[in-house]
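The values are calculated or read from the model by the stated rules, or taken from the named source; none is laboratory data. Keep in mind that what you see is a predicted model, and the values were worked out from it rather than measured. Every residue, glycine among them, receives a Cβ derived from its backbone with ideal geometry; neighbour counts consider all protein chains shown. What goes into the accessible areas is simple: the full protein's heavy atoms, side chains included, and nothing from ligands, DNA or RNA. Shrake-Rupley method; radii C 1.70, N 1.55, O 1.52, S 1.80 Å.
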Amino acid sequence: MFKHFINLELKAFFRSASVGKSIGLKILMGFLVVYFLLVFLVLGIALYPLLEKNFPDQSPLEIVNSFVIFWLAIELVFRFFMQSLPVMNIKPLLVLPIKKESVIHFVLLKSLISIYNIFPLLVVVPFGIFNIVKGNYGTLNMIGWMFAMYVLALIVNYANFLIKKKFAENIKAFLPFVVLGMVFFGLDYYGVFKITTLSGLVLDTLVLQPVLILAPIIILVGFYLLNFKYLKSNFYLDSSLQSKVEEAKTTDLSWTKRFGEIAPFLQLDLKMIWRNKRPKTTVWISLIFLAYGLIIYPNPAYDGFSPFFVLVGILMTGVFMLNYGQFVPSWDSNYYGMMMSQNIPMKQYLASKAGLMSVSIVILAILSTPYLYFGWKILAINLACALYNLGVNIPILLFAGSYNKKRIDLEKSPFMNYQGTGATQWIVGLPLMLIPTLIFYGFYKLVNAEAAIIAIAIIGIVGLVMRNYLLNKIAAGYTKRKYATLNGFKQQEN
Amino acid sequence: MIQVNQLSKEYKGTTVLNIENLEIPKGQSLGLVGNNGAGKTTFFSLLLDLIQPSTGNISNNGILVNASEDWKSFTGSFIDESFLIGYLTPEEYFYFIGDLRGQNKADIDALLEKYEEFFNGEILKNKKYLRDLSKGNQKKVGIIATLIGNPEVVILDEPFANLDPTTVNRLKKVIKELAENPEITILVSSHDLQHTVEVCDRIVALNKGVIVKDIQTSTETLQELEMFFAV
């Protein structure tokens, strides 16, 4: 049975309208993966000697054990944003004589192949071997430890699966986890309750008593079964089994009329975002990203100023733009044919998208002003980045959109609908963040920081002044490629 | 009103549509019949400039559809559910289309009132999004939306499919009323010979992309068509 599933997946990938883009992204991802594999391997090899040298009076294994809990927490957050979960188009399979169990097992086991499960191995195995060679612990004990570490990573894998699933349905479900994590971090930081010590002790005991490895294995099986149960109870099509139909709430959006000709599209976009889970999530993510600066600015490594801050500024003010803009016009893919047979000026359609993104940038820029606390330069960089996003990045995203051929199914059941919620969506945004950073770096090195900030701002203003002209050009591209776009949007994909 | 010249559409060497010449005068109601794969939807997609012809062209009221977009303001069409916007309520959808076609809210309300019987109380003021309506009810919304903004050309692909018997009869009445208006040209496709013959002045039968029959409707038309499609 699994053979059939794999066969179907390969065909779905190679026969999709966007196969070129997908392969390109996969190659880019490949390079990044190789890079990170090397980084982790080096870390794994260097970890033991480093710890031994810096903390000669402590056992390296005990130090590592006490930090495992943090590692797992960070891994969970990282996976949450970066790991795209395996998806499968279940609709055609529902009525076939295939056991639901085997489809679910396939999906769950497929997630094990993920590269994210290899990274911990690269650290754990060399570190474990060091411990064996140095003779501190028995070979069997260390093999047990390595195995336990890997099982912990897999637990994170399935925990992420569950959380992501819940989060897709309801953002509030994610909050308790964040609060819980912060409480434990706080208690540990102020020495009230040392969760690191506790978890370290547990793992130290595990090294001494390899039989205890059964405990993480049981937890892993538990998580697997939880996922299994969850997926099984959701293994239905919404439309046929929906118990309650969502009551339509009509909101008065007549205030958008003041925007003139783009008003109908603006209303449509706002409704699209608010009434569909997928785009709604992008709004929440934007707000979460505003906190990004909190992690970066106080970091002493940057000494209060760095060209890297441009990247942070672009991301913080433009995160909605990035997440929303890169899927224009796919958001409207379900009814693009209708749009194309109506008398709509392509430019107004695009102007509405640009307007929506502009508003988001302005709002995010205003919300980021409290970062003035970290110095006026940071505020200036963020505002310059906002201008750059407005003037340059919006037209770039809209232009790239004219090559978008991938359908987004807004109405698909939330069962495994994770399109565009993985690492790829951030990679697409990389050039948009790196180019201004490089420009800034150039001016910063040649002249000074003030000149660099002004340069970024001016480039943005020039783009803003030219927006009308650019939109005309871009609209022509959309019209020219509309047949290819329509054809691509017709394909149902996972 | 609509003039087709040397039109053909090929997919990788297979010709799916080949119409040398077809002229549809203003005010006519034309029924397009044919088996699956006969090229009905392909023809409508070409007419709406959703796909590109391999050769030839179509002009709508003297405007080449793939050269200018001016035909869109007087052409209303409904191909399938992909023409609907699932996350809108029916009212919002009608107002949106109205906005695009330069109609105000009062115009739309007047139009909707006229077709209240056709909706059978299942569409308006139901607090449901289009995606939560049944296929048949979605179709009702799509069909009436084509009439927004007083179009001179109305294109309906398979309007009778998925509808209940009562609604089919009401739809026939609606189409007949439209057909009586000399300003409106109607194109309807269907598998159902009887429905088509009932509402159209002229029937064009397609088979494998080629016009095989082109007849003015008379009392013998249905029989003639049934003979042709008999196995």
Query raised in the report: Quick one: with all protein chains in place, what share of the accessible area of segment B:8-63 is carbon or sulfur, to the nearest percent (1.4 Å probe)?
Result: 41
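Is segment A:93-166 rounded, prolate or oblate when judged by the Cα gyration tensor, a ≥ b ≥ c being the square roots of its eigenvalues, rounded requiring a/c under 1.5 and prolate requiring a/b larger than b/c? Don't jump to the answer; show the numbers that get you there.
Values: a/c = 3.71, a/b = 2.80, b/c = 1.33.
Since a/c reaches 1.5 and a/b is larger than b/c, the shape of segment A:93-166 is classed as prolate.
Apply 1/(1 + (r/R0)^6) to the Cβ-Cβ distance of A:Arg258 and A:Val133, taking R0 = 56 Å, and write down the FRET efficiency to the nearest 0.05. Don't skip to the end; give the middle numbers.
Details: r = 73 Å, r/R0 = 1.30.
After rounding to 0.05, the efficiency reads 0.15.
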**Report entry** Label-to-label distance, nm, for residues given as A:Phe193 and A:Tyr292 (7 Å Cα→Cβ offset)
**Finding:** 3.4
**Report entry** Size of electric dipole in the protein assembly as shown: Cβ of Lys, Arg +1 and of Asp, Glu -1, about Cα centre, debye, nearest 20
**Finding:** 1480
Query raised in the report: Taking the mean number of other Cβ atoms within 10 Å as a proxy for protection, how do you rank A:358-367, B:28-37 from highest to lowest?
Result: B:28-37, A:358-367
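For a quick protection proxy, order the peptides A:255-265, A:5-15 by their average other-Cβ count within 10 Å, most packed first. Write down the numbers at each step before the final one.
Working: A:255-265: 15.8, A:5-15: 13.0.
For the peptides A:255-265, A:5-15, the packing ranking is A:255-265, A:5-15.
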Requested in this report: Could you check how much of the accessible area of chain A is carbon and sulfur, as a whole percent, using a 1.4 Å probe?
Outcome: 72
Report summary line: With label points set 7 Å from each Cα along the Cα-to-Cβ direction at B:Gln216 and A:Leu109, the distance between them in nm comes to 7.0
Query raised in the report: Rounded to the nearest 100 Å², what is the sum over both chains of accessible area buried where A meets B, with a probe of 1.4 Å?
Result: 3000
Requested in this report: Determine the percent antiparallel among the DSSP beta bridges restricted to the protein assembly as shown, to the nearest 5.
Outcome: 55
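Give me the inter-chain shielding for B:97-109: mean count of other chain Cβ atoms within 10 Å, whole number please. Write down the numbers at each step before the final one.
On the way: counts 3, 1, 9, 9, 3, 1, 0, 0, 1, 0, 0, 0, 0.
If you average over the peptide's residues, the count of other-chain Cβ atoms is 2.
Rounded, prolate or oblate, given the Cα gyration tensor of the protein assembly as shown, with a/c below 1.5 counting as rounded?
Values: a/c = 2.48, a/b = 1.80, b/c = 1.38.
It comes out prolate by the Cα gyration axes.
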Query raised in the report: Which value in deg cm²/dmol, rounded to the nearest 500, describes the helix-derived mean residue ellipticity at 222 nm for chain B, given -39,500 (n - 2.57) per DSSP H run of n ≥ 4 and division by the residue count?
Result: -9500 deg cm²/dmol
Query raised in the report: Of B:Thr15, B:His195, A:Gly429, whose Cα points farthest to the positive end of the dipole of the protein assembly as shown (charges on the beta-carbon: +1 Lys, Arg; -1 Asp, Glu; origin at the Cα centre)?
Result: A:Gly429
Query raised in the report: For a paramagnetic label modelled at 7 Å from the Cα of A:Asn448 toward its Cβ, which residues of segment A:372-397 fall within the zone defined by backbone nitrogen distances under 18 Å?
Result: A:375-381
Requested in this report: Within segment A:101-126, which residues have the backbone N less than 11 Å from the label spot 7 Å out from A:Phe78 along Cα→beta-carbon, could you tell me?
Outcome: A:116-123
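Would you mind working out the accessible area per residue for the protein assembly as shown, using a 1.4 Å probe, and quoting it in Å²? Intermediate results must be reported in sequence, preceding the final value.
Working: 34340 Å² over 725 residues.
Solvent-accessible surface per residue comes out at 47 Å².
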Report summary line: On the formula 1/(1 + (r/R0)^6), with r taken between the Cβ atoms of A:Glu52 and A:Val465 and R0 of 51 Å, the FRET efficiency rounded to 0.05 is 0.25
Query raised in the report: Among B:Arg170, A:Arg278, what's the order by accessible area (1.4 angstrom probe), most exposed first?
Result: B:Arg170, A:Arg278
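By per-residue mean of other Cβ atoms within 10 Å, what is the highest-first order of A:322-335, A:189-202?
On the way: A:322-335: 22.4, A:189-202: 13.4.
Put in order of decreasing packing, that is A:322-335, A:189-202.
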Query raised in the report: Which value, in Å² and to the nearest 10, is the accessible area of B:Tyr115 when all protein chains are kept and the probe is 1.4 Å?
Result: 10
Report summary line: Each residue of B:77-90 has, on average, a number of other protein chain C-beta atoms within 10 Å of its C-beta equal to 6
